[in-house]
Amino acid sequence: MNSALSTQLLFILCCSSLAASNGTALKDYPIVPVDFTKTTFSEGFWKYRLDVNQQVTLPENFKKSEETGRIRNFAKAGKLMDGKHEGIFFNDSDVFKIVEGAAYTLALNYDEELDTYLDKLIELFAAAQEDDGYLYTARTIVPVKDPKAIGKKRWENIRHGHELYNVGHMYEAAVAHFQITGKRNFLDVAIKNADLICRVFGPGKKYATPGHQEIEIGLIKLYRVTENKDYLDMARFFIEQRGNDENRELLGDYCQDHKPLVEQSEAVGHSVRAEYFYAGAADVAALTDNKKYVAALDRIWGNMVGKKMYLTGGIGARHQGEQFGADYELPNESAYAETCAAISNILWNHRMFLLKGDSKYIDVLERSLYNGFLSGISLTGDTFFYVNPLSSDGYKRFNHGACIRKPWFDCSCCPTNIVRLLPSLPGYVYAVRNNTVYVNLYIAGKSSFAIDQTTLSLEQHTKYPWDGNIRITVSPEKNSKFELYLRIPGWAMGNPVPGDLYRYTDKNTEEIQLQINGEDVPASVTQNGYVCLRRIWKQGDTVTLELPMPIRYVSSHEAIENNKNRIAIERGPLVYCAEGIDNNGHVENKFISKDISWKKQEQEILPGAAVIALTGAGKAVYRDAANQPERIEEEDVTLIPYYSWAHRGAGEMQVWIADNAETAQVIPQKTLASTAHISASHTGKNEAPAALNDMQEPKSSKDSEIDRFTWWPHKGTQEWVQYDFDKEVTVGGMDIYWFDDAPHGECRAPSKWELLYLQGKNWKPVNAVSQYTTTLNQYNSVTFSPISTRALRLDVQLQEKYSCGILEWKISEDN
């Protein structure tokens, strides 16, 4: 950062501190995070990720937003160019999030070109804003984008329209831009819109609460920087409206609008909406000293962490609605665990720590950060997971049409959320309360900030998360008495997460070691999870903390059905997984015991990107033929950190590994169909022909847990799909399982179909001795006079007004 900008930023940060205009202190969090601009990372784990974010992720996000029309939409709304709205109606929010991340990046490493680019974007935002402050390009551009979804009039469809969600992200971005650059150009746009919101909503005005929470967080940030209490009152109004049916119809538990916050005790509904709500409510609770809010947040947090959180810190079990499941409903392969949800978990837990000062919240934050969040972005910074399962067969396209990371999505909330969290990470390392300094995250770097009217410099030297040796140099400007609170992670204390959802099954006999200036001191851990070092500190004092990092075995609560007879492996804050590429192509057939001697070794995942991998003696289950018994082979098992999987192509992956032969899954024997090459007249977007022969057995014609092939959006047309074989084969039967997503979808079984085979260069129908049926929820079998061919084709006539799909297509060899 250049010196002029640094001075300007310091002035703004001081002016935006929470002091009322009359000089009286406002209520707020009792613990204050050290601003991210006060901390810089040195070479190591997180410095690499922040550099990649600046050099790759941020420019790629802007590039994709330009290519997909997200930025053009603002120009069109401002009548600077003609054209229809492009993309999803809430795409404005993506651009705002990227701008927020860009502002943070400016503070960490000033770039004049980026600064100028942001000013040009802000000019577009201002042009798109209507005279009264309304800003929503999907409605301002004529014709209105999808009036059925967003409503024909403003605020008409408050549940789905995302008008308030969009501007919530705008407020966050505008405040960040103002605090970093000192410019009011974006802040004035945000204030103009927020003033409109305050005129429209409130007691005696429009009673409503947004379907997707976010504006509450943004309003609080506006309040902090402007001291306009209307914004705090507006945030509180939206929170108080939730569950209040006195003047409106409730939106239901999907939107956490089933009962008032103070009566809620369970994490329900859409997981990102929920935790944005809880984060916003924590802000309001801190600023208004609302103890009932805090009590409710405590209950909900206990439910989430104790019954609904994945070992990775991911949340949201169900693909349907991207929402929390029931208690202990934590499937692995079908886990949703959206990257945005991991981010929301970080945001909420940080606020809970600021409220209560307990390290358990940072434990959850760290677990989400290193695992559920970090898996969402590739090591190269240009591809992303939207969904983060804990198991994959390498075929199911869990990631919105893929089983590897993708460079972008139609709904790209996750890449644009990642790009703003990463550069803000330095603000999560330290916090201050009176004369107490909390060290929450162990990351190599330097920090300088004020405590008790003294400037304090802290410098961390560590290779965390690869080892637990941490050395902190403490240098106050003058000799000073204060407390240094060192967080002792739950994993180092024998408890992976609070409660009994997960537990270590082995015993760690290694002790935590602590020294000050080379002298041993007791590592006595307080009730809230910290070691308190109280003394008169002088420049150059050195604290050395050694956190043992043994390899730990984790079991889960017996109520989690999918994890029965399975164990997971952790080391330090990292959850490990087995990936097919390191294990002879398969992991589902592996099993391990709890007495393995693991070997640690450095392994390069991509050039220049290495991890600490673990290798131990495991076993694998095989069956040589369908009529042969299973056999067990001794076979090494290699594990890598969960965040680093899927960088070397699609393949099998498991976090929870079988601990016995009966639980391990025998590798399915290859079939004639599974080895065929597939082609089709058309393939639906985000779908793959590979679903036809992936050997995944459907549970029903509506099975959404396995991949499908469709001809969507083709309707009423003649279509085909084809198997080609490497050599001539003799076949005499086939089975097909039709996909049907009635009543809401538009795929149905076909009106008619037949099987053709290739003879020479011509396609001929087989001589079928059974009917071509279209029965749902079962295989439809066809037998025919044996034929020899190198290719088979299904010729399908789609129903009028409907498309068609297939879940599995099997071929029977004629022996």
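Looking only at residues in the stretch 444-488 that are of a type in the set (Phe, Trp, Tyr) and in a strand (DSSP E or B), the one that is nearest to Tyr370 (Cα to Cα) is Tyr485. Only residues that are of a type in the set (S, T, N, Q), more than 22 Å from the chain's Cα centre (by Cα) and under 26 Å from Val364 (Cβ atoms) were counted in the stretch 399-439, giving 2. In the stretch 154-203, of all residues being under 22 Å from Asn417 (Cβ atoms) and part of a loop (DSSP other than H, G, I, E, B), the one that is most open to solvent (accessible area, probe 1.4 Å) corresponds to His160. For Leu250, the criteria (1) in contact with a strand residue (DSSP E or B) (Cβ under 9 Å, 6 or more places away or on another chain); (2) open to solvent by less than 30 Å² (accessible area, probe 1.4 Å); (3) not in a helix (DSSP H, G or I) hold in every case but one, which is (2). The requirement of being in contact (Cβ under 8 Å) with a residue 60 or more places away in the chain and not polar (S, T, N, Q) is not satisfied by Asp111.
Among the residues of the stretch 625-632, none qualifies, meaning not one is hydrophobic (A, V, I, L, M, F, W, C) and surrounded by 15 or more Cβ atoms within 10 Å (Cβ to Cβ).
Counting only residues that are among the acidic types (Asp, Glu) and within 23 Å of Gln539 (Cβ to Cβ), which one in the stretch 401-460 is most open to solvent (accessible area, probe 1.4 Å)? Here the residue is Asp452.
Listed here are the residues, each with its yes/no results for (1) over 14 Å from Leu422 (Cβ atoms); (2) open to solvent by 20 Å² or more (accessible area, probe 1.4 Å); (3) among the polar types (S, T, N, Q); (4) more than 24 Å from the chain's Cα centre (by Cα).
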position	(1), (2), (3), (4)
Asp28	yes, yes, no, yes
Ile31	yes, no, no, yes
Thr37	yes, yes, yes, yes
Tyr48	no, yes, no, no
Gln55	no, yes, yes, no
Glu60	no, yes, no, no
Lys63	yes, yes, no, no
Leu80	yes, yes, no, yes
Lys84	yes, yes, no, yes
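Evaluate the following for Asp694: is it charged (D, E, K, R), surrounded by fewer than 17 Cβ atoms within 10 Å (Cβ to Cβ) and either in contact with a strand residue (DSSP E or B) (Cβ under 7 Å, 6 or more places away or on another chain) or closer than 30 Å to Gly321 by Cβ (or both)? When the stated conditions are applied, Asp694 does not pass them. Is it true that some residue in the stretch 133-153 is at pLDDT 95 or above, of a type in the set (D, E, K, R), open to solvent by 20 Å² or more (accessible area, probe 1.4 Å) and not in a helix (DSSP H, G or I)? Taking every residue of the stretch 133-153 in turn, none turns out to be at pLDDT 95 or above, of a type in the set (D, E, K, R), open to solvent by 20 Å² or more (accessible area, probe 1.4 Å) and not in a helix (DSSP H, G or I). Taking the stretch 318-367 as the range and being in a loop (DSSP other than H, G, I, E, B) and either among the β-branched types (Val, Ile, Thr) or surrounded by fewer than 23 Cβ atoms within 10 Å (Cβ to Cβ) (or both) as the test, the residues that pass are His319, Gly325, Ala326, Asp327, Tyr328, Glu329, Pro331, Asn332, Glu333, Ser334, Gly357, Asp358. Selection within the stretch 749-804: residues that are assigned to a strand (DSSP E or B), out of contact with any Gly (no Cβ under 8 Å at 6 or more places or on another chain) and farther than 19 Å from Val731 by Cβ. The member of this set that is most open to solvent (accessible area, probe 1.4 Å) is Lys752. Taking the numbered list (1) hydroxyl-bearing (Ser, Thr, Tyr); (2) touching a Cys at 6+ places or on another chain (Cβ under 8 Å); (3) modelled with pLDDT of 95 or more in turn, Thr526 passes all entries but (3). For beta carbons closer than 6 Å, sequence separation of 6+ or different chains, a first residue in the stretch 666-694 that is farther than 22 Å from Val731 by Cβ and outside any strand (DSSP E or B) and a second that is open to solvent by 50 Å² or more (accessible area, probe 1.4 Å) and among the aromatic types (Phe, Trp, Tyr), the qualifying pairs are Gly684/Trp712. When Gly745 is tested against (1) surrounded by 13 or more Cβ atoms within 10 Å (Cβ to Cβ); (2) modelled with pLDDT of 95 or more, just one condition goes unmet, and that condition is (2).
Among all positions in the stretch 121-129, there is at least one residue which is touching a Leu at 6+ places or on another chain (Cβ under 8 Å), in a helix (DSSP H, G or I) and open to solvent by 10 Å² or more (accessible area, probe 1.4 Å). None of Val262, Val305 is in contact with a Leu (Cβ under 8 Å, 6 or more places away or on another chain) and part of a helix (DSSP H, G or I) except Val305.
The values are calculated or read from the model by the stated rules, or taken from the named source; none is laboratory data. Everything numeric in this text was worked out from a predicted model, so none of it was measured. Backbone-built Cβ (ideal geometry, glycine too); neighbour counts: all protein chains shown. In case anyone asks, the SASA skips ligands and DNA or RNA and just uses the protein heavy atoms, side chains included. Shrake-Rupley method; radii C 1.70, N 1.55, O 1.52, S 1.80 Å.
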